[in-house]
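Some notes on the structure that comes next.
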Amino acid sequence: MAGSRVRRKPTVVLIVAAAIAVVAAGCLPDTAPPPTADPYQRAMYDAVNRDRAHHGLPPLTFSPKLSVFAGVHSCEMAGSNRLFHSDLPGTLHHNADFAAFGSLGENVILAPAHWSADQLQAAWMGSSNHRANILNGAFNIVGLAVCSGPDGRRWGTQAFGAL
């Protein structure tokens, strides 16, 4: 019995951390200049916008709010060692801090530790459903994040929205 409690603790911690992060994201602006603090996140941002430009679409504006959401989701996947989609519309549309956001979409990926942001982006573009999100002209903002798991693999999330 005690063993099962120990296994639940990390899950409970992740759920509480996720709830706090989504609430804290409400303190962030909907949009901001491109990220500069994290070079990998910046490379992800540049890669998605290069693909959009190549297909005649305007660049996506960086969203700190969606990036926090993407980061929490990426770390939840890494912590559970399971790739899954979040209920992005269900989670955010019921949160007043995200009321300005229209349609939402999400791409997730699990990649080797050595993959660059360009390799992540190429893998997403190689999948028709992920490509559809990237090239969706209704989306005008993006949040991006990657979380490294204990084994070094990269768990990535792109969260798209419309303002």
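The values are calculated or read from the model by the stated rules, or taken from the named source; none is laboratory data. All values derive from a computational prediction rather than experimental measurement. When we count neighbours, we look across all protein chains shown, and the Cβ atoms used for this are built from the backbone with ideal geometry, even at glycine. For the accessible areas, the whole protein counts, side chains as well, though only heavy atoms, and no ligand, DNA or RNA atoms are used. Shrake-Rupley method; radii C 1.70, N 1.55, O 1.52, S 1.80 Å.
Computed with a 1.4 Å probe on the full set of protein chains, the accessible area for Arg131 sits at about 90 Å². Electrostatic bookkeeping for Arg50 treats Lys and Arg as +1 and Asp and Glu as -1; over the other residues with beta carbon under 13 Å from its beta carbon, the sum is -1.
Translational diffusion coefficient of region 31-163 (Stokes-Einstein, Kirkwood radius from Cα pairs, 20 °C, 1.002 mPa s): 147 µm²/s.
The phi-based Karplus calculation (6.51 cos²θ - 1.76 cosθ + 1.60; θ = phi - 60°) puts the 3J(HN,Hα) values of region 103-118 at 4, 10, x, 8, 10, 10, 7, 10, 9, x, 4, 7, 5, 7, 4, 5 Hz, whole numbers, x for Gly and Pro. All alpha carbon pair distances within region 32-77 were sorted into 10 Å bins beginning at 0; the resulting P(r) in whole percents reads 26, 51, 22, 2. Dipole check for region 21-163: with +1 at the C-beta of Lys and Arg, -1 at the C-beta of Asp and Glu, and the Cα centre as origin, the magnitude is about 200 Debye. A Förster radius of 41 Å combined with the Cβ-Cβ distance from Ala122 to Leu28 puts the calculated FRET efficiency at roughly 0.90. Positive contributions from Lys and Arg (+1) and negative ones from Asp and Glu (-1), summed over other residues with Cβ under 14 Å from the Cβ of Ser74, come out at 0.
Counting only the backbone N, which residues of region 100-121 are under 17 Å from the spot 7 Å out from the Cα of Arg50 toward its beta-carbon? Once the point is set 7 Å along Cα→Cβ of Arg50, 115-121 turn out to lie under 17 Å by backbone N, inside region 100-121.
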